[in-house]
Structures are given as structure tokens and as C-alpha cells.
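Novice: Let me begin by handing over the structure; questions about it come next.
The values are calculated or read from the model by the stated rules, or taken from the named source; none is laboratory data. Being a predicted model, the structure only gives us computed values, none of them experimental. Note that each Cβ is placed from the backbone with ideal geometry, even for glycine, and that neighbours are counted across all protein chains shown. These area figures cover heavy atoms from the full protein model, side chains too; ligands, DNA and RNA do not enter into them. Shrake-Rupley method; radii C 1.70, N 1.55, O 1.52, S 1.80 Å.
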Amino acid sequence: MTPPNLTDVESHTSASPDILELAAELRVAIMRTSRVLRTQATSDVVSPGQNSVLSVLGKRGPLTMRQLADIEHVQAPSMTRTVNHLCEGGLVARAEHPTDGRLVVVGLTDAGRAVLEESRRLRSAWLASRLDALPPGDQAALHRAAELLLEMTAR
């Protein structure tokens with residue numbers, strides 16, 4: 001999804017200040033929820049950053065160190081330290097690139113998949129416990145909000 005240009009933002013600013021207020025409220029709520037969910041998945045096994053690398057590898061399959069660093073928006077030395085730690089824990093493994101012998105790819109191991117599944121289970125359990133405490137009408141509203149957010153990010 002491409003970010004809005006300045007003209008788009010200005011037209012929303014002058015046409016509807018309520019939209020900017022809603023955008024700010026949603027941004028704060030989404031960021032805070034995301035932060036709490038990340039902490040729910042943190043364990044003694046992996047840090048949030050390491051969990052993020054496992055998640056990327058779980059979604060995309062084996063990647064080069066450069067690809068991982070670019071996706072995670074970190075410098076190569078930082079990614080090397082992260083991957084080294086994950087390798088030491090047996091959560092990822094390095095292998096020769098299938099078409100370019102100069103490169104190495106990193107992929108999940110079975111243990112890495114298990115840690116990733118457990119972190120997802122922990123986050124889902126935390127969120128489910130919070131949703132369960134809400135009245136059915138609020139649950140339905142959040143269900144619709146989730147659908148809308150997914151639609152917005154698919155554009």
C-alpha cells in the first residue's frame with residue numbers, strides 16, 4: 001500500500017477534522033495493542049526481535065541475510081547477531097543458496113516452528129481472554145473493525 005501524498009492528507013484535514021481524530025485514536029490503539037501482544041509472545045527462549053525474524057521466516061520461507069535485514073529494517077551486523085543467536089538455539093539453520101553458492105539462506109528448523117507456534121498461541125490466548133470479557137455487541141464491533149482494517153491494508 002502506498003502512503004497518501006500531502007494533497008490527500010490536506011484534503012482530509014480541511015474536509016473532515018473528525019477523520020484525523022479517528023486516525024490518531026486508531027493509531028494509538030493499534031500501536032499499544034501491538035506492543036502488548038509482542039510482550040505476550042516474549043519468553044526466555046527468544047526476544048521480540050528474534051521472534052519477529054522467526055515470524056518472517058515462517059511466512060516467507062528461507063531468506064538470505066540481506067533479505068532478512070531489509071525486511072526487518074536493521075543493518076546486516078544486527079541481523080547476523082540475531083541469526084547467530086537463533087542458530088545457537090537450534091531455531092534456524094543456515095544452508096547454501098540453491099542458485100548462488102556465494103550466498104547463505106536462513107530457514108526455520110522444527111524447533112523454530114514450535115517456538116513460533118507457541119508465541120502465536122500465547123498472543124491469541126491473551127487477546128481471547130480480553131475479548132471474552134467484553135459484551136457480545138462490543139465483540140461484534142471489534143470483529144467488524146478487524147474486517148475493515150484488513151480491507152484497508154489490502155488496498
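Novice: Going by average Cβ density within 10 Å per residue, which order do the peptides 52-61, 144-153 take, highest to lowest?
Specialist: The densest-packed peptide leads the list: 52-61, 144-153.
Novice: Once the convex hull of the C-alpha atoms of the chain is built, how many Å³ does it hold per residue, rounded to a whole number?
Specialist: In the chain, the Cα convex hull volume per residue is 155 Å³.
Novice: Can you pull the percent of the stretch 96-155's accessible area that's carbon plus sulfur, 1.4 Å probe, other chains left in place?
Specialist: Taking all protein chains in place, the stretch 96-155 shows 61 percent carbon and sulfur surface.
Novice: Give me the one-decimal nm value for the distance between modelled label points at T64 and L37, 7 Å along each residue's Cα-to-Cβ direction.
Specialist: According to this spin-label approximation, the distance is 3.1 nm.
Novice: Using a 1.4 angstrom probe and counting only protein chains, how large is the accessible area of H143 in Å², to 10?
Specialist: For H143, solvent-accessible area is about 120 Å².
Novice: Taking 0.36 nm per residue of sequence separation and subtracting the Cα-Cα distance, how much length would be gained by fully extending the chain between E96 and Q75, in nm to one decimal?
Specialist: Difference between extended and current length: 5.4 nm.
Novice: Leaving out ligands and nucleic acids, and using a 1.4 Å probe, what accessible area per residue does the chain come to in Å²?
Specialist: 69 Å²
Novice: With labels modelled as points extended 7 Å from the Cα through the Cβ direction, what inter-label distance (nm, one decimal) is found for A111 paired with A133?
Specialist: Output for this residue pair reads 3.6 nm.
Novice: With all protein chains present, calculate the accessible area of V83 using a 1.4 Å probe and round the result to the nearest 10 Å².
Specialist: 0 Å²
Novice: Quick one: helix 110-132 against the long Cα principal axis of the chain, what's the angle to the nearest 10°, folded into 0 to 90?
Specialist: So the inclination is approximately 20 degrees.
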